[in-house]
Amino acid sequence: MGKVIEGFDVVGLIFDPIKKFFDNEIVKPLGEFAEEEVFDPVSEFVEEEIIDPIEELIEEIEEAITDFFDIIIEFFEMLGTFFASIPNRFLNLMYALGDIVEGVGDQFAAIGEGLAWGFEDIGLLIYYGVHYVERYFMCGLNYIINLADCIGYYIIDIIFSVIYLPVTILLWMMYMVLGIDLYPIEKQTWDGIEMIDTMFFELSGVHLIYWPKEIRQQCYTCIRLKTSVLDNKAGDIKYDFEEKIPHHIKTATDKQFAQADKRFNEMAKSWNETVRHPDKVLG
């Protein structure tokens, strides 16, 4: 019975269906079950809980190492920049101190120049003042000496002034009381008289409303310094000490001190900044 008939596989006939059944119904489902229920969860767990964290940790370590070396490289670059800037920092300090010394020197020179201007004008004011007093004294003395020769002309002037006084009072009252301004008419009248006097003088050599020249020079003329000259010179002194001298001192030092300030700022730049040569730091 156990003999296999030639050309006919009895074992295969019996066991092949069993094997097929076993493979399809037991082994394959069991393998699928194991793959789905055991291996896949285990694989997923290993990947999510072990492999992925390890990879993330490795990436973080790589980034940390890269950042660390970047910081080290940047530090040494900044350190190199700082050491390279030391000569220019020192030069800027020296140049700035030189600017300050030069500015102080210019300031003293400007003070000296300003005081020279001021005292020069003070000297001129004193000179003008002495001359002014001297000339007024001489004029007064001259009037006293010539009083006997000139008293008649003075009296005639007083008489004409008294005669003209009512006109003066009338013009004043018209203007102050009634608000009528007749002064322009008065001026036009005297301008006309002046014109007639000029024409008459050109024809005859004699004035109608003025004393002869020699009388005017003896009795009415005094060559003296005008008060406005003293006022102007006093104004010059005020201008010297309030505006001219302070401005001169300030402008004499502004450039040097501004240059020194910029060079100090250049020297004090951050240690990782490029520092220019002082010649390139424009004032």
Open item on the list: Can you work out the Karplus-derived ³J(HN,Hα) for every residue in the stretch 50-55? Use 6.51 cos²θ - 1.76 cosθ + 1.60 with θ = phi - 60°, whole Hz, and x for glycine or proline.
Closed with: 10, 5, 4, x, 5, 4
Task: J(HN,Hα) series, the stretch 191-207, from Karplus relation 6.51 cos²θ - 1.76 cosθ + 1.60, nearest Hz, glycine and proline x - done: 4, x, 5, 4, 5, 5, 4, 5, 5, 5, 5, 5, 8, 10, x, 10, 8
- [ ] Assign one of three labels to the stretch 98-232, namely rounded, prolate or oblate, based on the Cα gyration tensor with a ≥ b ≥ c the square roots of its eigenvalues; rounded applies when a/c is under 1.5, prolate when it is not and a/b is larger than b/c, and oblate otherwise.
- [x] prolate
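Laboratory data are not the source of any read-out in this text; all were calculated from the coordinates shown. Computed from a prediction, not measured in an experiment: that's the story for all the values here.
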